[in-house]
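S.K.: Below is one structure. I have some questions about it.
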Amino acid sequence: MYIGNHLSSSKGFEHMGKEALRLGANTFAFFTRNPRGGAAKAIDPEDARRLQKLMEEHHFGKLVAHAPYTMNVCAAKEDIRRFSRDMLQDDLERMAYLPGNYYNFHPGSHVGQGAEKAIPMIADALNCALKPGHQTTVLLETMAGKGSEVGRSFEELRAILDLVELSDKVGVCFDTCHVWDGGYDIVDRLDGVLEEFDRVIGLDRLKAVHFNDSMNPCGAHKDRHQKIGEGEIGAAAMKAVILHPLLADKPFILETPNDDDGYAKEIAMIRSWGA
Ligand code: FE
Ligand code: FE
Ligand code: ZN
């Protein structure tokens, strides 16, 4: 089972790998650049190679890099849209230093334009950024439906995927808090939700899981993460998710409100479930 959390990239790639090991993790997530800003620092190819070696030695699962929150490729304002598209393109070039991993991004917020207008914009940004030689799989994250977020339903994600040309380079990241907040009851009908995902999107597209409990009830559209077992989803349902045979080989990334010590304990608790 591949479990990890978000790590700070400020000390480089290899440092994150060591940090993951220290926390009992065998995958991790990191922001490709300042999550609230835009600037990206230069990549050290040697450092990237050292991380790849560490990952091989310790049998890591695929990494799940995360785009900055400022990225909105379907923004109403053209300058934000262009800035976001450039960032997406640049991030995918940078991911080439860590081939074979995942790059997750929020489809975006349509800010009043409506999802019908936003969906072709998101697909167009992907069609411009994706190149046949890329070895990174880009993941659309399932969203809670806060504000004007696109990706709150499986149908919206399907609509984006349908418009992407290099379709085999795009998958979905299943965020348990977001799916729950989006109205999918993974507590009482997990199998039904996964069946629905399979019918609408296809389970072969489900590449990674953001493993979060939620502070709010199903369908709340709030997006407030809670520690595993301390939220409205609860330990039993979270356990059923991570032990579900259809999700067995996926990287599970914690985005719970914890410090390092808290993450180490949370990972140990999840591993004690048999994960
Ligand atoms: Fe996210
Ligand atoms: Fe997430
Ligand atoms: Zn969230």
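S.K.: Here are some conditions: (1) touching a strand residue (DSSP E or B) at 6+ places or on another chain (Cβ under 7 Å); (2) within 16 Å of ligand 2 (Cβ to nearest atom); (3) without any contact (Cβ under 8 Å) to a residue 40 or more places away in the chain. MET16 meets all but one. Which one does it not meet?
M.R.: Just one mismatch for MET16, condition (2).
S.K.: Of everything in region 247-264 that's surrounded by 15 or more Cβ atoms within 10 Å (Cβ to Cβ), part of a helix (DSSP H, G or I) and not aromatic (Phe, Trp, Tyr), which residue is farthest from ligand 2 (Cβ to nearest atom)?
M.R.: That would be ALA264.
S.K.: Right, something else. With respect to ALA20, determine if the residue is at pLDDT 95 or above, buried (at least 22 other Cβ atoms within 10 Å of the Cβ), closer than 17 Å to TYR103 by Cα and among the small types (Gly, Ala, Ser).
M.R.: no
S.K.: Could you tell me whether region 107-122 includes any residue that is within 16 Å of ligand 3 (Cβ to nearest atom) and either of a type in the set (D, E, K, R) or assigned to a loop (DSSP other than H, G, I, E, B) (or both)?
M.R.: Yes: region 107-122 contains one or more residues that are within 16 Å of ligand 3 (Cβ to nearest atom) and either of a type in the set (D, E, K, R) or assigned to a loop (DSSP other than H, G, I, E, B) (or both).
S.K.: Return the pairs, sorted by first residue and then second, in which the second residue is of a type in the set (Val, Ile, Thr) and within 11 Å of ligand 3 (Cβ to nearest atom), the first residue lies in region 198-227 and is within 21 Å of LEU139 (Cα to Cα), the beta carbons are less than 7 Å apart, and the residues are 6+ apart or on different chains.
M.R.: Cβ pairs passing all conditions: VAL209/THR176; HIS210/THR176; PHE211/THR176; ASN212/THR176; ASN212/THR256; ASP213/THR256; HIS225/THR256.
S.K.: Tell me, which residue of region 166-196 that is among the small types (Gly, Ala, Ser) and away from ligand 3 (no atom under 12 Å from the Cβ) is farthest from ASN258 (Cα to Cα)?
M.R.: Filtering first and then ranking leaves SER167.
S.K.: Another question about this same structure. Is one or more of the residues making up region 25-40 β-branched (Val, Ile, Thr), buried (at least 17 other Cβ atoms within 10 Å of the Cβ) and closer than 29 Å to MET238 by Cα?
M.R.: Scanning region 25-40, I find at least one residue that is β-branched (Val, Ile, Thr), buried (at least 17 other Cβ atoms within 10 Å of the Cβ) and closer than 29 Å to MET238 by Cα, so the answer is yes.
S.K.: Do we find a residue being within 16 Å of ligand 3 (Cβ to nearest atom), farther than 24 Å from GLY61 by Cα and surrounded by 18 or more Cβ atoms within 10 Å (Cβ to Cβ) anywhere in region 197-213?
M.R.: Looking for residues that are within 16 Å of ligand 3 (Cβ to nearest atom), farther than 24 Å from GLY61 by Cα and surrounded by 18 or more Cβ atoms within 10 Å (Cβ to Cβ), one finds none in region 197-213, hence no.
S.K.: Filter region 138-166 down to the residues that are more than 13 Å from ligand 2 (Cβ to nearest atom) and among the hydroxyl-bearing types (Ser, Thr, Tyr), then identify the one that is farthest from ILE186 (Cα to Cα).
M.R.: So the residue we want is SER148.
The values are calculated or read from the model by the stated rules, or taken from the named source; none is laboratory data. Bear in mind the structure is a predicted one, so any value in this text is a computation, not a measurement. Cβ coordinates were reconstructed from backbone atoms using ideal geometry, including for glycine residues, and neighbour counts include every protein chain displayed.
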